[in-house]
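Participant: Please see the structure below; I have some questions.
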Amino acid sequence: MTIEQIFKLAVEMGIGADMRGKEFVKKQLKKTKEKFEKLSKEKKADFDQEKLWNPYSDSRILFGDPKKKVKRVMVGIDVDPSELMIARYFSDKNKEIDLVIGHHPIGEALNDLADVMHLQADVLARHGVPINIAESVMLPRITEISRLIFQSENYGRTVQAAELLGLPLMCVHTPADNLVANFIDREIKKQNPETLEELLEIIDGIPEYKEAKKFKAGPQIVTGRKEARVGKIAYEYAGGTNGAKEIYKHASQAGIGTIVGMHMREEWRKEAEKHHINVVICGDTQSDSIGMNLFLDELEKKGIEIIPFSGLTRVKRFGKK
Ligand SMILES: [Fe+2]
């Protein structure tokens, strides 16, 4: 596979697993295309044309010839210049690395992270929160994140390092987060847990979380008693970063009983607690590993060798008897 094919596969898989539904995402892309067609020639030149087919602004090929063939990839959760040095060293001393894939957004993909946060409003709407409420509660938080990132991030650093070290680089964020959200949802639905304890048992059984437990970083009930009934479950796995804490009031009114997510700030947790929502937190890196693994399995099936680093717990879910 080429770098371009790998990236396109990530986006396609992300759309297929999107909690808003594949059709919804395709419709949004069509609308973006229609808007683009109406722009003037000058404005078209300024438009990020990747948005015409890739709905995930936090995932991009950042450096490298898209046509380059890839046999071996090094994949990590947080790729920065020091991690790239590891990849360079490994490539020189052991086996050649054709591409580095990071999970968390880098460079322009990080600067545009806020754009994927709109996803959260649509997911909440699918859980019964009126879309007008979900949108207006989320909007100030989205603009806050956008303002925070662009002024404080050293966005050029990692991409420059990749260029200097001659290492093609991409990041795959929301597509992988969609994959883990979808996976966890299916695992939980299969067993239909009644209480938080039963829910935690299902999550604990997932290999990446089992591995995290060894590091004392296993999933936890952060709000609610273990005997408490789960009610309707919603997920906070995808959508850039934590949304607006004010949403829990409305989520509770819409009938959401339990939130299962990767991470939650204390202030957010308290707000969920105030509105009687149970919260199970599974950990960021641990959950990111699951999403990346589901994508990486497809690369490995096509003969690409995967070398995990930067906190990725590699678990293969195919070829097992
Ligand atoms: Fe993450």
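Participant: Checking residue 191 against (1) assigned by TED's automatic domain parsing to the domain that holds residue 7; (2) among the polar types (S, T, N, Q); (3) surrounded by fewer than 17 Cβ atoms within 10 Å (Cβ to Cβ), which single condition isn't satisfied?
Facilitator: So the condition that residue 191 fails would be (1).
Participant: For region 64-85, check the following and say yes or no: at least one residue is within 21 Å of the chain's Cα centre (by Cα), within 16 Å of the ligand (Cβ to nearest atom) and free of Cβ contacts under 8 Å to residues at least 60 places away in the same chain.
Facilitator: Within region 64-85, none of the residues are within 21 Å of the chain's Cα centre (by Cα), within 16 Å of the ligand (Cβ to nearest atom) and free of Cβ contacts under 8 Å to residues at least 60 places away in the same chain.
Participant: Let me ask something else about it. Failed condition for residue 256, given (1) under 30 Å from residue 5 (Cα atoms); (2) crowded, with 18+ Cβ neighbours inside 10 Å; (3) out of contact with any helix residue (DSSP H, G or I) (no Cβ under 7 Å at 6 or more places or on another chain); (4) not small (Gly, Ala, Ser), with all others met?
Facilitator: Status for residue 256: all satisfied but (1).
Participant: Check residue 307 against each of (1) under 20 Å from residue 17 (Cα atoms); (2) at pLDDT 95 or above and name the one condition it does not meet.
Facilitator: Here residue 307 clears every test but (1).
Participant: Which residues, taken from region 159-179, are within 12 Å of the ligand (Cβ to nearest atom) and over 30 Å from residue 123 (Cβ atoms)? Outline the logic, then answer.
Facilitator: Of region 159-179, the ones within 12 Å of the ligand (Cβ to nearest atom) are 171-174, 176-177.
The answer is none; no residue qualifies.
Participant: It is to be established whether one or more residues within region 190-206 are of a type in the set (A, V, I, L, M), within 23 Å of residue 18 (Cβ to Cβ), in contact with a Leu (Cβ under 8 Å, 6 or more places away or on another chain) and away from the ligand (no atom under 16 Å from the Cβ).
Facilitator: No - not one qualifying residue is present in region 190-206.
Let's see how each residue does on (1) away from the ligand (no atom under 16 Å from the Cβ); (2) of a type in the set (A, V, I, L, M, F, W, C):
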position	(1), (2)
235	no, no
276	yes, no
287	no, no
290	no, yes
293	no, no
315	yes, yes
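Participant: Further question: Select from region 232-290 the residues that are assigned to a strand (DSSP E or B) and of a type in the set (Ser, Thr, Tyr) and write down the one among them that is nearest to the chain's Cα centre (by Cα).
Facilitator: This residue is 235.
Participant: Something else about it: Being part of a loop (DSSP other than H, G, I, E, B) and surrounded by fewer than 15 Cβ atoms within 10 Å (Cβ to Cβ) is the filter here; which residues of region 291-319 pass it?
Facilitator: Step one: filter region 291-319 for residues part of a loop (DSSP other than H, G, I, E, B), giving 302-304, 309-319.
Selection gives 302, 303, 316, 317, 318, 319.
Participant: Right, another one. Quick one: in region 264-282, of everything that is surrounded by fewer than 17 Cβ atoms within 10 Å (Cβ to Cβ) and touching a residue at least 12 places away in the same chain (Cβ under 8 Å), which residue is nearest to residue 56 (Cα to Cα)? Even if it seems obvious, please write down each step before you answer.
Facilitator: Taking region 264-282 as the starting set, the residues that turn out to be surrounded by fewer than 17 Cβ atoms within 10 Å (Cβ to Cβ) are 265-267, 270, 273-276.
Next, only the ones that are touching a residue at least 12 places away in the same chain (Cβ under 8 Å) stay: 265, 267, 273-276.
Values: 265: 24, 267: 28, 273: 31, 274: 33, 275: 31, 276: 32 Å.
So, considering only residues that are surrounded by fewer than 17 Cβ atoms within 10 Å (Cβ to Cβ) and touching a residue at least 12 places away in the same chain (Cβ under 8 Å), the one nearest to residue 56 (Cα to Cα) is 265.
The values are calculated or read from the model by the stated rules, or taken from the named source; none is laboratory data. All values derive from a computational prediction rather than experimental measurement. Don't worry about glycine lacking a Cβ; one is built from the backbone with ideal geometry, like all the others, and counts go over all protein chains shown.
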